[in-house]
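The values are calculated or read from the model by the stated rules, or taken from the named source; none is laboratory data. All of these numbers come straight from a predicted model, not from anything done at the bench. Methodologically, a virtual Cβ is constructed for each residue, glycine included, from the backbone with ideal geometry; neighbour enumeration extends over all protein chains shown.
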Amino acid sequence: MIKYLPKYIILFISVVFVQIFLLNQVQFSGFLNPYLYILFILLLPFEILNSWLLLLAFLLGISIDLFSGTPGMHASASVFMAFARPYVLKIFAPREGYIPQSIPTIGYYGAKWFIKYALTLTFIHHAFLFFIEIGRFDFFFTTTLRIILSTIFTMILLLAVQLLFFKSKK
């Protein structure tokens with residue numbers, strides 16, 4: 001996995017840069033908030049130790065928080081997403097298991113698998129983030145609508161990036 005380190009460093013810097021300087025400027029009435037930076041967590045190798053997964057998710061989230069003025073919100077949502085990731089991977093594991101030394105992309109496992117995997121974790125991330133942001137359940141239906149719309153918009157971006165930048169490995 002060490003051979004992939006430069007690629008993951010570039011991916012980390014790229015998603016943080018795109019999120020901060022481009023996507024944080026995109027908001028439609030507060031209901032569509034694209035969070036492409038979670039792609040980094042989604043694409044980490046299957047074999048990554050949980051402690052490294054949580055640490056990298058924290059570093060990613062806190063990087064977004066530092067530039068967005070959201071003290072700890074993205075860090076906590078990213079860590080929660082990373083915590084849920086191994087369980088989601090178990091739920092959606094192929095019968096034959098995951099290919100050794102592979103990463104969770106459309107190229108390895110197909111669009112149907114990736115959509116289920118990414119949609120679940122994106123929804124978890126967004127639900128945690130938006131409910132922690134609002135701090136209460138008074139606006140439950142408004143927040144739920146925001147979660148759903150932002151999840152759909154983020155999924156479209158995630159799929160577009162997958163199709164544009166990641167080659168098929170099958």
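So for the stretch 94-114 (the condition being in a helix (DSSP H, G or I), farther than 15 Å from Tyr37 by Cβ and within 14 Å of the chain's Cα centre (by Cα)), does at least one residue qualify?
As a first pass, look at the stretch 94-114 and keep what is in a helix (DSSP H, G or I): 106-114.
Now drop any that are not farther than 15 Å from Tyr37 by Cβ, which leaves 106-114.
So of that shortlist, the ones also within 14 Å of the chain's Cα centre (by Cα) come out as 114.
Yes, some residue in the stretch 94-114 is in a helix (DSSP H, G or I), farther than 15 Å from Tyr37 by Cβ and within 14 Å of the chain's Cα centre (by Cα).
Return yes when Leu11 is farther than 20 Å from Leu163 by Cβ, part of a helix (DSSP H, G or I) and of a type outside the set (D, E, K, R) and no when it is not. So that I can check it myself, show each step before the final result.
Working: farther than 20 Å from Leu163 by Cβ: no; part of a helix (DSSP H, G or I): yes; of a type outside the set (D, E, K, R): yes.
Against the criterion (farther than 20 Å from Leu163 by Cβ, part of a helix (DSSP H, G or I) and of a type outside the set (D, E, K, R)), Leu11 does not qualify.
Does at least one position in the stretch 11-24 carry a residue that is within 22 Å of Ile132 (Cβ to Cβ), surrounded by fewer than 20 Cβ atoms within 10 Å (Cβ to Cβ) and not aliphatic (A, V, I, L, M)?
Within the stretch 11-24, one or more residues are within 22 Å of Ile132 (Cβ to Cβ), surrounded by fewer than 20 Cβ atoms within 10 Å (Cβ to Cβ) and not aliphatic (A, V, I, L, M).
Check whether at least one residue in the stretch 129-141 is farther than 19 Å from Asn33 by Cβ, of a type in the set (Val, Ile, Thr), surrounded by 14 or more Cβ atoms within 10 Å (Cβ to Cβ) and out of contact with any strand residue (DSSP E or B) (no Cβ under 6 Å at 6 or more places or on another chain), and report yes or no.
no
Does Ser150 satisfy being at pLDDT 95 or above and out of contact with any Ser or Thr (no Cβ under 7 Å at 6 or more places or on another chain)?
It is false that Ser150 is at pLDDT 95 or above and out of contact with any Ser or Thr (no Cβ under 7 Å at 6 or more places or on another chain).
Yes/no matrix, rows are residues, columns are (1) among the aromatic types (Phe, Trp, Tyr); (2) within 28 Å of Thr143 (Cα to Cα):
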{"site": "Ile64", "(1), (2)": "no, yes"}
{"site": "Ser76", "(1), (2)": "no, yes"}
{"site": "Phe80", "(1), (2)": "yes, yes"}
{"site": "Arg85", "(1), (2)": "no, yes"}
{"site": "Gly110", "(1), (2)": "no, no"}
{"site": "Phe123", "(1), (2)": "yes, yes"}
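I'd like the full set of residues that are of a type outside the set (A, V, I, L, M), at negative phi and part of a loop (DSSP other than H, G, I, E, B), limited to the stretch 19-60.
Gln27, Phe31, Asn33, Pro34, Tyr35, Pro45, Phe46, Glu47
Just the residues that are out of contact with any strand residue (DSSP E or B) (no Cβ under 9 Å at 6 or more places or on another chain), assigned to a helix (DSSP H, G or I) and aromatic (Phe, Trp, Tyr), please, taken from the stretch 142-170.
The one that is out of contact with any strand residue (DSSP E or B) (no Cβ under 9 Å at 6 or more places or on another chain), assigned to a helix (DSSP H, G or I) and aromatic (Phe, Trp, Tyr): Phe165.
List pairs: first in the stretch 95-114 and modelled with pLDDT under 90, second among the small types (Gly, Ala, Ser) and not in a helix (DSSP H, G or I), Cβ under 6 Å, 6+ apart or cross-chain?
So the pair list comes out as Gly107/Ser168; Tyr108/Ser102.
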